[in-house]
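A.B. asks: I'd like to ask you about the structure that follows.
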Amino acid sequence: MRGLQFVSPYNNMQVTRVLGSSVNFTWVFNGGNVDSVQWGIKKDEFPNFQQLLVTLRKHTTSTITSDPLYSRRVSGAWDGSSPGQATFTLNSIQKADERLYMCRLGPESLSVLPVYDSVQLLVGGK
């Protein structure tokens, strides 16, 4: 069985936005049946979440963090298809949002490993 893969990975690329603006992080992927797409703050150098912000599932409703710092500022969209595209949005950017964010593709099959990609958000002044 072919593994999941990102067609358009960020590969730790830096994206710069100004305070108060919004940013969309979009990942295109293929290579298998994706069950979930998760997005959040990356922990250190390992493919683990320090904080999970949005979970999009193929057959259920999405889950958005209840953390008051993010709950009204983050969203995600995925149509459940594979190959697919998931877009995560962060609104009203604050200086504290300057972090490394990660996307995780969760496969339907236990025989396929999840895959990860990350992007660094830099925040500049107005």
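The values are calculated or read from the model by the stated rules, or taken from the named source; none is laboratory data. If you're wondering where the values come from, they're calculated on a predicted model, not measured in any experiment. As a convention, Cβ positions derive from the backbone with ideal geometry for all residues, glycine included, and neighbour counts pool all protein chains shown. Note: accessible area is taken over every heavy atom of the protein model, side chains too, but ligands, DNA and RNA are not part of it. Shrake-Rupley method; radii C 1.70, N 1.55, O 1.52, S 1.80 Å.
A.B. asks: What residue among L121, I41, H59 has its Cα farthest toward the positive end of the dipole of the chain, where the charges are +1 on Lys, Arg and -1 on Asp, Glu, each on the Cβ?
C.D. replies: Result: L121.
A.B. asks: Determine the distance separating the Cα centre of the range 76-105 from the Cα centre of the range 1-48; give it in Å without decimals.
C.D. replies: 7 Å
A.B. asks: If you don't mind, another one. Is the C-alpha gyration tensor of the range 41-118 telling us rounded, prolate or oblate? Criteria: a/c under 1.5 is rounded; beyond that, a/b larger than b/c is prolate, otherwise oblate.
C.D. replies: Since a/c reaches 1.5 but b/c is at least a/b, the shape of the range 41-118 is classed as oblate.
A.B. asks: For the range 66-75, what does the Karplus curve 6.51 cos²θ - 1.76 cosθ + 1.60, with θ = phi - 60°, yield as ³J(HN,Hα) per residue in whole Hz, taken in order and with x for Gly and Pro?
C.D. replies: Each residue's phi maps through the Karplus curve to give 9, 4, x, 6, 10, 4, 9, 10, 10, 7 Hz.
A.B. asks: For the chain, what is the charge dipole size about the Cα centre, in debye to the nearest 20, if Lys and Arg each add +1 at the Cβ and Asp and Glu each add -1 at the Cβ?
C.D. replies: My answer is approximately 280 debye.
A.B. asks: So, one more: Towards the positive end of the charge dipole of the chain, with charges on Cβ (+1 Lys, Arg; -1 Asp, Glu), say which of S75, V18, S111 has the farthest Cα.
C.D. replies: Ranked along the dipole, the leading option is V18.
A.B. asks: If you filter the range 38-126 for GluC sites (Glu not before Pro), then keep DSSP loop positions with at most 12 other Cβ within 10 Å, what is left?
C.D. replies: Of the GluC sites (Glu not before Pro), the ones in loops of the range 38-126 whose Cβ has at most 12 other Cβ atoms within 10 Å are E45.
A.B. asks: Determine the share of the range 5-126's accessible area contributed by carbon and sulfur atoms, expressed in whole percent, with a 1.4 angstrom probe.
C.D. replies: Looking at the range 5-126 in its full context, I get 49 percent from C and S.
A.B. asks: Still on this structure: Give the residue list of trypsin sites (Lys or Arg not before Pro) in the range 36-77 that are DSSP loop and have at most 15 other beta-carbon atoms within 10 angstrom.
C.D. replies: Hits after loop and neighbour filter: R72.
A.B. asks: In Å², and per residue, what accessible area does the range 56-120 have when probed at 1.4 Å with the other protein chains present?
C.D. replies: 54 Å²
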